[in-house]
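K.L.:
Got a structure here, written out as C-alpha cells. Questions coming.
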Amino acid sequence: MKRIFPSAVKYLGFDDRLMVALGIPVVALIIPPLFFGETYAGDFMAFCAEWGMALFFTTFLWFGNRRVVIEIRKRGGHLSDRKRVIYTVAGVVLFTIAFNTLTYVITPKEMRLEMQGPGFGSSVFITLFIVTIYEAAWTSARFKRAQMEAEQLKHANLQGQMNTLKSQINPHFLFNSLNTLISLIPEDPDKAELFAQKLSDTYRAILKIKEREVIPLRDELECLESYTFLLNTRFGEAFLLKCEADDRFMNRYIVPLSLQILLENAIKHNIVSRSRPLTVEIFINDDENLVVRNNLQPKMEPVSSTGTGLQNIDERFTLVAERSVEVVKTETSFTVVLPLLNIQDYAHSDR
C-alpha cells in the first residue's frame, strides 16, 4: 500500500491513507440515495449498480483533487494562506469541471440527460467534502506546529535566562574560607584538615547541584550542612543557625543554593561578633513556604551591594514556577519567604 499509495504528510498535515481507504466507499454509499434516489430497501441491483458507478467516480475525484491539493502546497510554499486557498479552490473546480466534461462525453447519449444534473451535484459534493477535510487537517496541523514552535522558543528563551542566572552563582565564600584555612593550619592542623574536607564537600555539592533548575529541599539542606560547618569554624559562637524543617516537606522543591546565598547575604550586611551574634532561623510557616530570617544588625558602614543575590533567587523562582520571593524587613529582623514547590509547579526541571 505504501508503494501504490504513498503518504504525503508533509503537504496534507496528516497521513490520510486509512481515511482514503475507508472514505471512498463510505462517500460512494451516500451518493445513490442522495442524488439518484436509489436505496438499499428499493431495487437492490439498481442500488449496487449506482454504488459501483459512484465508487468509480468518487475514487477518481478523490485522488484527482488530492493531487491538486498536494501540488499546490508543494509548489506554493511562498504563497500566503489566502492565495493558497484561492489557488486550491480554483484548481479543484477546474479539475471537477474537466472530470464532469469527460464523464459527459463518454456517457451514452440516452443516459446523459438522466446523469447530467445528479452527476454534477455528486461531483461538487465529493469535491467540497475532500477539500474541506484537507484544509481542516492542514490548518489544524499548522496550528499545532506553531504552538509547538512557540513552546520550544519559549523554553529556549527561559533556558537561556536560567543559564545566565546560574552563571551569576559564584561561591563568594571561597576566598574567606581559604583565608580561614590558612589561619587554622599553624594553630590546629587537625581542625584545618577537617575544614579542608568540609570545604571540598561543599564545593563538590555546589558543582553538582548548581546546573539543575530545582532540587529537593532535602538536597539543599544537605549542601547547607557542610557550608554551615565552614561558617561555624570561621565565626565560632558569633554565628548561629537554627534549622527546623518537617520531614514531610523534604521532597518539595527549591532553586539550588538559595539558602547559601541568603546566608552569605546575612553575613555580608550584618555585624557578626561574639557580643552581637548573628542568628539565622530556617523554618516552614503555616502557608507551607520556607522562611529564612535573621536578626537585623546592620554594619556601621553600609556594604555596597547591587542586590544581585536576592534578585537572582527571585528571578529563578519566577522562571521555574512563576512564583515570587517575599521579603519582609522590620527594625529587628530581615525575612525572606521562599516558595516550596510541588512537582506540578514547574514544567522543565532537569532533575
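Each reported figure results from applying straightforward, stated rules to the coordinates on display, with no laboratory input. Computed from a predicted model, the values in this text were never measured in an experiment. Virtual Cβ from ideal backbone geometry, glycine too; neighbours counted across all protein chains shown.
K.L.:
When 95, 334 are ordered from fewest to most other Cβ atoms inside 10 Å of their Cβ, what list results? Write down the numbers at each step before the final one.
P.N.:
Numbers: 95 18, 334 21.
Least crowded to most crowded, the residues run 95, 334.
K.L.:
Testing the spin-label approximation: label points 7 Å from Cα along Cα→Cβ at residue 327 and residue 203. State their distance in nm.
P.N.:
For residue 327 paired with residue 203, the spin-label model returns 3.0 nm.
K.L.:
Out of residues 5 or more away from residue 333 or on other chains, whose amide H comes under 5 Å of its own, with H placed 1.01 Å from N in the peptide plane?
P.N.:
296
K.L.:
What percent does the relative contact order of the stretch 171-345 come to when contacts are Cα pairs within less than 8 Å and at least six residues apart? Show your work: numbers first, answer last.
P.N.:
Details: 242 pairs, mean separation 34.0, N = 175.
Computed over the stretch 171-345, the figure is 19 percent.
K.L.:
Follow-up question, since we're still on this one. Quick one: of 10/83; 242/299; 242/329; 191/329, which pairs are farther than 31 Å apart, Cα to Cα? Mind showing how you got there, number by number?
P.N.:
On the way: 10/83 19 Å; 242/299 22 Å; 242/329 19 Å; 191/329 37 Å.
Pairs exceeding 31 Å: 191/329.
K.L.:
Once you have the Cα-Cα distance between residue 212 and residue 136, take 0.36 nm times their residue separation minus that, and quote the gain in nm to one decimal.
P.N.:
Values: separation 76, 0.36 × 76 = 27.36 nm, distance 4.17 nm.
Going from the current span to full extension adds 23.2 nm.
K.L.:
So for the stretch 179-274, considering every pair of alpha-carbon atoms, how many percent are separated by more than 21 Å? Walk me through the numbers on the way to the answer.
P.N.:
Working: 1787 of 4560 pairs.
Of all Cα-Cα pairs in the stretch 179-274, 39 percent lie more than 21 Å apart.
K.L.:
Put a dot 7 Å past each Cα toward the Cβ at residue 243 and residue 79; how far apart are the dots in nm?
P.N.:
So the label points at residue 79 and residue 243 sit 6.6 nm apart.
K.L.:
Test of understanding: extend the Cα→C-beta vector of residue 30 to 7 Å, then name every residue of the stretch 124-144 with backbone N under 14 Å from that spot.
P.N.:
The answer is 124-134.
K.L.:
Grab the beta carbon distance between residue 287 and residue 59, set R0 = 56 Å, and tell me the FRET efficiency rounded to 0.05.
P.N.:
Details: r = 67 Å, r/R0 = 1.19.
My answer for the efficiency is 0.25.
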